[in-house]
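Okay, so here's the structure we're looking at.
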Amino acid sequence: MNFTTWGGTHSAAPARRAEPADEAELCEIVARAAAEGLRVRAVGAGHSFTDAAVTDGVLLSLDHLSGIESVERLDDGGALVTVGAGTRLHDLNRLLAIWGLAMRNLGDIDRQSVAGAISTGTHGTGARLGGLATQVRALRVVRADGSVVAVSGAEAPGTAGRDLFEVARLGLGSVGILSAVTLEVVPSYLLRSVETVRPWDEVVDGFDELFDAHHRTDAYWFPGTDRMLTWTHDLVDDDASARYRASRRGVAGLVRRGAGAARSFVDEEVLANGALGAVMQVATRAPRAVPRLNRLCASVLSDRTHVAPSDAVMVTRRRVRFVEMEYALPRAALRDVLGELAAWLRSTGEPVAFPVEVRCAAADDVWLSTARGRDSAYVAVHQYHRMPYRDYFDAAEQIFVAAGGRPHWGKLHSRTAADLAEHYPLQDVARVRAAADPTGVFTNDYVDRVLGTPQA
Ligand SMILES: Cc1cc2nc3c(=O)[nH]c(=O)nc-3n(C[C@H](O)[C@H](O)[C@H](O)COP(=O)(O)OP(=O)(O)OC[C@H]3O[C@@H](n4cnc5c(N)ncnc54)[C@H](O)[C@@H]3O)c2cc1C
């Protein structure tokens, strides 16, 4: 009955597990658990590094609540697509392609469930693009009494329904179990991916221009080296994307081919392949060799360009396990934060064999979004799961916090509700939680730590 997160950071033994076949059974299970005084949590793919999905009560898997329920076409060629909350992003991408549709933005991987991804504020990159929760238009939420409430972003701000929508679309499952999610998606499109290796100073000094010049921007830095790999994605002209959409079967086929055949260098060589795994094993046995290994990794980086369907370009595979902390920062703080991080690594000689990743997002208005109210840069630090990480992450966190950083809800951090109150409307969140879940059925230790106690 044990549950362990992908990164091996947390495990738990719930009182029982359940895998409802449909929404009606989900409602029965939740109502029964609440009547017995048990707490309830859903787990998606277990890809959070925090204990967000851990419970001592009933742990639900919504793997059977998967797939597309309905598609409502919009005038701009996009659509409102309602999917089961347990749908994995890789299944969603495949199904959307059949309809000639695609997600506007995605994170680095596609293993997560839709509900898990939105509930922790999962984001991709792009100065004009928001995280996945900004693509949510409506939700169905199962409450502690087993009833289902439908909430939508179309309800007027300040109404009870709209407030519930805000905490349900990004709120760590703290107001109920999501059973269905309506996403706004766009016509499927091609992206041109360009990988370029450049001197650290040039990239770090020019991040603002880089972010603004490209549809999506990602950058990787191997600590101890003086080069960065930038990875930019831009929309391919409309004609080519229209030809690509022309045949639904063709589209689905292209997506499958694209996913296998057109992988980027970042994906194949830097993050996913066996070579990185082998490097990590050497690093674990001989930490002092890490700077040399990083220089070796950085030296094989090279410029590369390719065009592929959007999801094949955006998504990478992560077969080498790691642990991660990521903070959202005001964009203006990025340069100094990276400089301080590099200085700390230089002065301590800490063996860090995994690259630091830099991304960005547009300001949004989602209550608990890490990009709420400000254009943001993200800095993520990683360490191989078998190597010590605490000193590194503690030092990075101090730098991030001093710069006004906000931690990713699904990645390691030590912040509490008291620390986070300056960034989020936590009193409003507590009010909504108290109304939606007066007996605390949808709490756990993590939710209590980062969102505080619900209050009327
Ligand atoms: C290899 C890797 C790569 C990653 N890349 C990125 C990235 O590029 N960008 C990024 O922002 N993040 C990234 N993450 C973090 C990841 O996207 C989030 O932690 C996400 O929450 C994981 O989704 P999941 O389905 O595994 O959710 P889980 O970890 O299983 O659950 C997350 C939270 O959602 C809640 N939840 C799940 N289902 C429901 C439901 N039906 N109703 C209510 N609540 C629910 C859980 O209770 C929990 O609180 C990555 C993580 C890993 C391990």
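Please treat every number below as a calculation from the coordinates, not as lab data. Being a predicted model, the structure only gives us computed values, none of them experimental. Neighbour counts are summed over all protein chains in view; Cβ atoms, including those assigned to glycine, are modelled from backbone coordinates with ideal geometry.
Any idea what the dipole of the chain comes to, in debye rounded to 20, about its Cα centre with Lys/Arg Cβ at +1 and Asp/Glu Cβ at -1?
Using only the charged Cβ atoms, the result is roughly 1180 debye.
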Would you grab the residues whose amide H sits under 5 Å from the one on ARG17? Only those 5+ places off in sequence or on another chain, please, with H modelled 1.01 Å from N.
LEU59
Once phi for every residue in region 396-401 is put through the Karplus expression 6.51 cos²θ - 1.76 cosθ + 1.60 (θ = phi - 60°), the whole-Hz ³J(HN,Hα) values, with Gly and Pro written as x, are 4, 5, 4, 5, 5, 5
Treat every Asp and Glu Cβ in region 68-187 as -1 and every Lys and Arg Cβ as +1, leave all other atoms uncharged, and give the resulting dipole magnitude about the Cα centre to the nearest 20 debye.
180
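Any chance you could run the full-extension gain for GLU28 through THR416? It's 0.36 nm times the residue separation minus the Cα-Cα distance, nm to one decimal.
Numbers: separation 388, 0.36 × 388 = 139.68 nm, distance 3.33 nm.
Taking 0.36 nm per residue and subtracting the Cα distance, the gain is 136.4 nm.
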Quick note on GLU25, GLU357, ordering by fewest other C-beta atoms within 10 Å, gives GLU25, GLU357
For ARG128 and HIS64, compute 0.36 nm times the residue count separating them, minus their Cα-Cα distance, and round to one decimal in nm.
19.6 nm
Return the long-range amide H neighbours of SER188 (sequence gap of 5 or more, or a different chain), with a cut-off of under 5 Å between placed amide H atoms.
LEU101, ALA102
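Taking the Cβ-Cβ separation of ASP226 and ASP75 as r and a Förster radius of 35 Å, what is the calculated FRET efficiency to the nearest 0.05?
Details: r = 50 Å, r/R0 = 1.42.
After rounding, the FRET efficiency stands at 0.10.
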Kirkwood Rh and Cα-based Rg: tell me the resulting Rg over Rh for the chain, rounded to two decimals.
0.96
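Could you work out how much longer the chain between ASP208 and ARG386 gets when fully extended? Use 0.36 nm per residue separation minus the Cα distance between them, nm to one decimal.
Working: separation 178, 0.36 × 178 = 64.08 nm, distance 3.49 nm.
Extra length from ASP208 to ARG386 when fully extended: 60.6 nm.
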Rank these for me by crowding, CYS27, CYS360, going from fewest to most other beta carbons within 10 Å.
CYS27, CYS360
Sorted by chain and then number, the residues having a modelled amide H within less than 5 Å of the amide H of ARG372, at least 5 places away or on another chain, are ASP364
Note, region 119-124: 3J(HN,Hα) by Karplus (6.51, -1.76, 1.60, θ = phi - 60°), whole Hz, Gly/Pro = x, goes 5, 10, x, 4, 9, x
Can you sort MET103, MET387 by how many other beta carbons sit within 10 Å, fewest first?
MET387, MET103
Where trypsin sites (Lys or Arg not before Pro) fall in DSSP loop in region 316-365, at most 14 other Cβ within 10 Å:
ARG319, ARG321
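Once the convex hull of the alpha carbons of region 68-187 is built, what does its volume come to per residue, in cubic angstrom?
Values: hull volume 12.6 nm³, N = 120.
That works out to 105 Å³ per residue.
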